[in-house]
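A.B. asks: Below are the structure tokens for one structure; questions will follow.
Just so you know, all these numbers are worked out from the coordinates, no wet-lab data involved. What you are looking at is a predicted structure, and each value in this text was computed from that prediction instead of being measured. All Cβ positions, even for glycine, are placed from backbone atoms using ideal geometry, and neighbour counts span all protein chains on display.
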Amino acid sequence: MRRLGVWFCMLFCATGAFSGQPTYTDASECAACHPVIAKTYEQTGMGRSFHRVTGDHAPDGSYYHEASDRYYAVVRRGAELFLRRWQQEANGLEFNIEEKRIDYVLGSGNHARSYVSRASDGRLLALPLARYAEGGGKWAMAPGYDRPDQADFRREIGFDCMFCHNGYPEMENGAARFGKPARFRGRIPEGIDCQRCHGPGSSHAEAARRGAGRDRLRAEIVNPARLNHARQLEVCLQCHLESTSRRLPYAVRRYQRDAFSYRPGEPLGDYMLHLDLAPEAGRAETFEVVNAGYQFLKSACYRKSGEQLTCTTCHNPHDVDRGEAARTRIASICQGCHENVRHRTPVTDGCTGCHMPKRRTDDAVHVVMTEHLIRRTPLPGDLLAPKREVHEAGEHTHLGRVVPLYPRKLSKLDELYLAAAQIRESANLREGIPRLQKALEKFRPKEAPFYFELAEALRNVGKHRDAVRYYEQAMERDPNFPSAARGLGSALHAAGDHNRAIAILEKAAELDSESVETWNVLGSAYDAGGKPEKAMAAWRRAMQVNPETPEAHLNLGVALSRWGNRQASATAFREAIRLRPDFAAAHNNLAVVLEQLGEEAKAARHFKLAIELDAAYAGARYNYGLYLARRKRWAEARAQLEDALRLQPAVEVRTALEMVKKLEDQFTR
């Protein structure tokens, strides 16, 4: 039997001074002293939050995703499970086939299970298909994937996801700091363990092995029940205070803190600042999977309790009762304050049926959960009605001002974090960029990430020269900051300073030799600097680091095409498309090469696909217009070139359009 939840151990322990610095240990040790708690805890959602996959966790089935025109199926090979993806011709011929082994299950299955593949370099890849409990069990796209340009097999799981979905993984010292790539090379726990709420358990376990007395045992561990109400609540809020899963950001971790450094009992604000969107931004209220704590803090019941009400007032973290037993218990808790309330209508579903109803979530539309905003008046309408996944506009769309949510009291230096939060996910660039510039001038912080964040924002809005200045300031404060080196090199390359860009990017590659992004941009800098052989070598290195990088295959294909190696170029473009079927640039470039190889019908198909995938792709319309003109299809060619000129008023497009108009007039007289 899996030992996921044999871990929640310290019910009777108290907070005390740590003797030395306790470390995280194998949480299965806890079951030896606390078998009853361990047995019930392993049945909870937290105890089953992350684990290795077995056949029971991913039943056979297939699914067609219409929006992206892709098929998926779970495939079994011996004891291993794989997720297979393909596209299909009208005659049933399969193409663009890709597979990933399923290594882990993310989610207890109470509501849903997502699936995870572990790459050889330690990356964890979120897979696009999920299994939902609704309706007795069904397959559908994982949250965020129900769109034509879905991420397929390319979405990497970051530190923030693992922080809340599992126990702390084994990490090398410094490997989980700001700017570091999420690589999980060490042991990965299976399930949220006791140490996430009780702190590192090595000293406590050692004291127990030595037969220490009760006081010593209590001193070596954290018991949340003995914390003050704020610290007790924060044990839950570390993962349940997400204001939104959409682009904002919902929190900023303090730069000096590793991702997995929060310890229960310390002020949560010392680890991270939680954020929200200002009310004037006008974003509609949403109900999301992970904002139970966010809703709870807004409830009048919490505020009028003098903030004494906590999550554990209603929830037993070691066990979960269900059905009538749960309704009866929760109702008795409510009646402790509301015993004299009279109801106008019969109560059929306890207090929560009206005041904390089950609702369909907005960010995971196949999931129904309990609302934690305790409402006096029930919400109108069908709260379980089906929903379609809604996606926000482009990644740089202005959202509005980002404001602090928790903790309520901030220091003057926290203005730096609030300014950085405005630009972290491009939520409020127009106000955030000057705000962070002023904060940097005022406080002159020593932490390099503040300067890096500003540089990234400036580069994202095309101000490459300005970005260079702040990347340099980040590098001055931390010469071994690989993300800053890569950003500096990228900004220099975009600004046309290719030789200096090459020198900086070579340093970035030394600092992080496993960064595909660094090798890709270094290859482009070499290419622009007149060093094609080195460019090819850099792109091949990117593919060596991660063979499934479509951008590297695209860059290599462009270089091979320029050198006249059309067959090899077409192969590279096809591989880019296999890895990313919606890669418009790869379709466009493949179409150009196919025309040169005499495969006209296939060329036309890929030109059309490129335009269908990205209607604003001026380059594809320009190339397709020339293709049509060479076949004397003047009206169609003119239409494509007119669209290309509207999208990108370049001289060569205007010249081609004028030529086509003259030829059309000449041949249609």
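A.B. asks: Sort the following peptides by mean Cβ neighbour count (other Cβ atoms within 10 Å, averaged over residues), highest first: 230-243, 435-448, 255-268. Working shown, then result.
C.D. replies: Details: 230-243: 21.4, 435-448: 15.6, 255-268: 17.7.
Sorting 230-243, 435-448, 255-268 by mean packing, highest first, produces 230-243, 255-268, 435-448.
A.B. asks: I've got another one for you. log₁₀ I(q)/I(0) of region 470-587 at q = 0.17, 0.23 Å⁻¹, via Debye over equal Cα point scatterers, no solvent, to two decimals?
C.D. replies: -0.79, -1.21
A.B. asks: Beta carbons within 10 angstrom, averaged per residue: use that to sort the peptides 403-409, 38-44, 386-392, highest first. Can you show the working numbers first?
C.D. replies: Details: 403-409: 14.9, 38-44: 20.0, 386-392: 11.4.
Result, highest mean first: 38-44, 403-409, 386-392.
A.B. asks: Then there is this: Ignoring everything except DSSP H segments at least 4 long, calculate the 222 nm mean residue ellipticity for the chain; use -39,500 (n - 2.57) per segment, divide by total residues, nearest 500. Can you show the working numbers first?
C.D. replies: Details: 26 runs with 284 residues, N = 669.
So the calculated ellipticity at 222 nm is -13000 deg cm²/dmol.
A.B. asks: How large is ³J(HN,Hα), in whole Hz, for each residue of region 503-515 in order, when computed from phi with the Karplus curve 6.51 cos²θ - 1.76 cosθ + 1.60 and θ = phi - 60°, using x for Gly and Pro?
C.D. replies: 4, 5, 5, 5, 5, 4, 5, 5, 6, 9, 6, 9, 8
A.B. asks: Say the cut-off is 24 Å between C-alpha atoms; which of 507/531; 298/438; 358/387; 298/358 go over it?
C.D. replies: Over 24 Å apart, Cα to Cα: 298/438.
A.B. asks: Let me ask you something else. Quick one: Debye curve from the C-alpha atoms of region 511-668, no solvent, what's log10 I(q)/I(0) at q = 0.11 Å⁻¹?
C.D. replies: -0.48
A.B. asks: What does the extension gain come out to for residue 216 and residue 138, with contour length at 0.36 nm per residue minus their alpha carbon separation?
C.D. replies: Numbers: separation 78, 0.36 × 78 = 28.08 nm, distance 5.02 nm.
This chain segment gains 23.1 nm when fully extended.
A.B. asks: Over all directions, what mean area does the Cα convex hull of the chain project, stated in square nanometres? Before the final figure, lay out each step's value.
C.D. replies: Values: hull surface 141.9 nm².
In nm², the orientation-averaged hull projection of the chain is 35.5.
A.B. asks: Ok, one more. What is the Cα centroid distance between region 379-428 and region 130-167, reported in whole angstrom?
C.D. replies: Comparing the Cα centres of region 379-428 and region 130-167, I get a distance of 21 Å.
A.B. asks: Sticking with this one: Taking each pair of different alpha-carbon atoms in region 231-358 once, compute 1/r for the pair, average those values, and report the inverse of that mean as the Kirkwood hydrodynamic radius in Å to one decimal.
C.D. replies: Working: mean 1/r = 0.0589 Å⁻¹.
After inverting the mean inverse Cα-Cα distance, the result is 17.0 Å.
A.B. asks: Here's another thing I want to ask about it. Using the Karplus curve 6.51 cos²θ - 1.76 cosθ + 1.60 with θ = phi - 60°, what ³J(HN,Hα) values do you get for each residue of region 116-125, in whole Hz, with x for Gly and Pro?
C.D. replies: 10, 10, 9, 7, 5, 8, x, 6, 9, 10
A.B. asks: If we sort 248-254, 586-592 on the protection proxy, mean other Cβ atoms within 10 Å, highest first, what's the order?
C.D. replies: Values: 248-254: 21.0, 586-592: 26.4.
Ranking, from highest mean packing down: 586-592, 248-254.
A.B. asks: At 0.36 nm per residue, and after removing the present C-alpha to C-alpha distance, how many nm does the segment from residue 342 to residue 528 gain when stretched out fully? Provide the component values of the computation, followed by the final result.
C.D. replies: Values: separation 186, 0.36 × 186 = 66.96 nm, distance 7.67 nm.
Length gained, residue 342 through residue 528: 59.3 nm.
A.B. asks: In whole angstrom, how long is each semi-axis of the equivalent ellipsoid of region 48-191, when you take the square root of 5 times every eigenvalue of its Cα gyration tensor and sort them from largest down?
C.D. replies: 27, 17, 14
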